[in-house]
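Presented below is the structure to which this report refers.
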Amino acid sequence: MLLASHTNQPLEAGLDEAGRGCLAGPVFAAAVILPPDFAPAYLNDSKQLSARRRTVLRAEICQYAVAWAVAEASPLEIAAVNIAQASYLAMHRAVAALGIVPTHLAVDGNRFKPYPGIAHTCLIKGDTRFRHIAAASILAKTFRDERMAELAALYPAYGWAQNAGYPTVSHRAAIRQYGTTEHHRMGFRLL
């Protein structure tokens with residue numbers, strides 16, 4: 001069973017990102033503050049859930065969260081500052097968009113760039129241990145997947161509706177055949 005929070009502070013926000021290992025598209029991040037009693041069935045790390053279950057949970061999270069926000073960093077920003085810094089940038093943007101100042105940030109992973117004025121704790125595998133981080137992982141992934149599906153309609157050859165920009169064999173084959181787009185991360189090893 002996932003824990004409600006790391007510090008037991010009522011306005012602790014969970015943070016997670018999606019799309020860090022992709023060859024194309026923005027990196028997304030979400031910040032979520034949940035009520036302490038919010039514990040829907042199946043809430044878990046987004047990677048452990050089916051697309052259908054993520055969609056159902058996203059609706060519940062958006063409806064019942066005290067506050068939530070999703071933000072992104074573009075492929076150009078990723079190229080300018082590197083993927084780790086772009087992930088932190090997206091997380092900072094999500095925190096800034098919450099509309100409520102969190103008392104603490106519970107961040108999935110082992111590194112984070114401190115957000116001004118708010119203490120944080122990095123929690124390895126936090127998305128499998130804490131409800132608010134799991135919720136953030138679901139929002140980041142579902143919003144990013146939606147964006148990649150929109151881009152797939154414009155660039156159907158790359159299969160982004162299925163691979164979401166990740167380095168699949170078919171995605172790399174499409175890059176080899178058709179070249180890159182402005183949505184590809186040029187600082188990454190694409191082939």
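The values are calculated or read from the model by the stated rules, or taken from the named source; none is laboratory data. Keep in mind that this is a model prediction, so the values were computed, not measured. Here the Cβ is made from the backbone with ideal geometry for all residues, glycine too, and neighbour counts use every protein chain on show. The accessibility values were calculated without ligands, DNA or RNA, using every heavy atom of the protein model including side chains. Shrake-Rupley method; radii C 1.70, N 1.55, O 1.52, S 1.80 Å.
General remarks:
- Qualifying position, being under 23 Å from Y88 (Cα atoms), open to solvent by 30 Å² or more (accessible area, probe 1.4 Å) and of a type outside the set (S, T, N, Q), among D145, D127: D145
- Set A173, A153, A161: member being under 30 Å from L43 (Cβ atoms), free of Cβ contacts under 8 Å to residues at least 40 places away in the same chain and surrounded by fewer than 17 Cβ atoms within 10 Å (Cβ to Cβ): A161
- Members of the range 29-53 found to be open to solvent by less than 10 Å² (accessible area, probe 1.4 Å) and not aliphatic (A, V, I, L, M), listed by number: D45, S46
- Test: residue in the range 15-31 that is more than 15 Å from the chain's Cα centre (by Cα) and free of Cβ contacts under 8 Å to residues at least 12 places away in the same chain: no
- Count - residues of the range 53-89 that are in contact (Cβ under 8 Å) with a residue 40 or more places away in the chain, of a type in the set (V, I, T) and not in a strand (DSSP E or B): 5
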